[in-house]
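To start, the structure under review is shown below, and the notes come after it.
Rule-based calculations on the coordinates, nothing more; no lab input. From a predicted model like this one, the values you see are computed outputs, not experimental measurements. Cβ placement follows ideal geometry from the backbone for every residue including glycine, while neighbour counts extend to all protein chains displayed.
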Amino acid sequence: MRELRKGTVALMALTVAAAGTLASAGLVAAQDGPIIGVSWNNYNEARWLNSDEPAIKAAVEAAGGTYISTDAKSDATTQLADVENLITQGAQVLLILAQDKDAILPAVKAASDAGIPVIAYDRIIEDPSVLYMTFDNVGVGRAMAEVIFGLVPAGNYAVIKGNEADENTRFLKSGMDEVIGDAWAPGAPGEHEPITVVCETYTDNWDPANAQANMEQCLTAVDNQVDAVLAENDGMAGGVIAALEAQGLSVPVSGQDGDKAAINRVAQGRQSVSVWKDSRQLGKAAGEAAVAMATGTAMADIPNVVQFTSPAGVDLTSVFLEPTPLTQENLNLALDGGQITAEELCADVEPGSVAACP
């Protein structure tokens, strides 16, 4: 891997030089406004396609800018080449949704060396030169645990975590620990009744099929003795629920992202909470920040920035948006916010069983 990174940096240096040649030839300058490049780690995820990208594009184009993008298809090495490609196309600011926060560092350095600002979009990149923009993911984990713990204050928990290489996985778990950390094991100190974590596993690429397989293995290992599941996003929650229902089980399950399918499951009573991060707000804020930085605004002057110390001790300039937990009691928020239609929300829901479906 070390040799690969050295070679990648060399290739990127050549790419940066090529980008400079294009600029000097006036090809980049011919654009009407700033060119904003986005490197998606896996564009197939519904959230990026339906919410984040349209909001980013709208913000960039409203300012007269040009949006360009690549898709790494969940491959960290491909993402390095993708960033090279975006630089070659003349990107003046890069938004990077990192597949691997460590593997992406050579690309960040190449961009920084070329004077191209980088925004770490929704996933941390531990480099002080980047602007980290995301939701309060510790708060997301806290909100999920508060709902599930309120329903199941004692019993056997399964924890289906996200991709091991994604620091968000640990942020979410740390938020959960704030709520029920004292209750994780029998005999643990604190005021809570004991919770036993019978299964805890990472899920490659946050993939619902992998989450379903993890849950199936968990249920087999503990003879179906699971009382609640903390799943770290909605896609995985769907896989978890499929595994549970195949065994005739219905237990509280968490998720996050406000996916339409998950909101419908909440209305049906099959999922207990989906913490909604209105990614249109994040996309809009990131698109506007990218345009501002492309036109000379310093990272420290972007609205609502705070200083954040990463798990590795790196001080990052950051913007954190607040999430909204959706339960059966407040699904109207998703309707009012345009996240989902009434028809989609109330599909296969008994009329009058929830306030949003009269």
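The figures follow:
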item	result
Extension gain from Ala347 to Val222, taking 0.36 nm per residue of separation minus the Cα-Cα distance	41.7 nm
Theoretical gain in end-to-end length, Ala209 to Thr309 [0.36 nm per residue, Cα-Cα removed]	32.6 nm
Length-normalised contact order of the range 137-256 in % [C-alpha pairs under 8 Å, at least 6 apart]	31
Mean Cα-pair separation over length for the chain, i.e. relative contact order, pairs under 8 Å, 6 or more apart, %	17
Volume in Å³ per residue [convex hull over Cα atoms, computed for the chain]	137
Listed peptides 99-111, 209-221 by packing density, highest first (mean Cβ within 10 Å)	99-111, 209-221
Using distinct alpha-carbon pairs, which all enter the 1/r mean, Kirkwood radius of the range 137-256 in Å	13.8
Neighbour-limited loop hits for GluC sites (Glu not before Pro), the range 97-187 (at most 16 other Cβ within 10 Å; DSSP other than H, G, I, E, B)	Glu164
Residue list for the range 204-229, given a label point 7 angstrom along the Cα-to-Cβ vector of Asn44 and an amide N cut-off under 20 Å	204-215
Inter-label distance for Ala355 and Ala58, nm, one decimal - labels placed 7 Å from Cα along Cα-to-Cβ	2.6
Per-residue ³J(HN,Hα) for the range 107-122, Karplus 6.51 cos²θ - 1.76 cosθ + 1.60, θ = phi - 60°, Hz, x for Gly and Pro	5, 5, 5, 4, 5, 4, 4, 8, x, 9, x, 10, 10, 7, 8, 6
Per-residue HN-Hα couplings for the range 267-280 [Karplus 6.51, -1.76, 1.60; θ = phi - 60°; Hz; x = Gly/Pro]	4, 6, x, 8, 10, 8, 7, 10, 6, 8, 9, 5, 5, 5
Difference of contour (0.36 nm per residue) and Cα-Cα distance, Asn330 to Gln247	26.9 nm
Backbone HN-Hα couplings from phi across the range 318-326 [Karplus 6.51/-1.76/1.60, Hz, Gly and Pro as x]	9, 10, 10, 9, 8, x, 10, x, 9
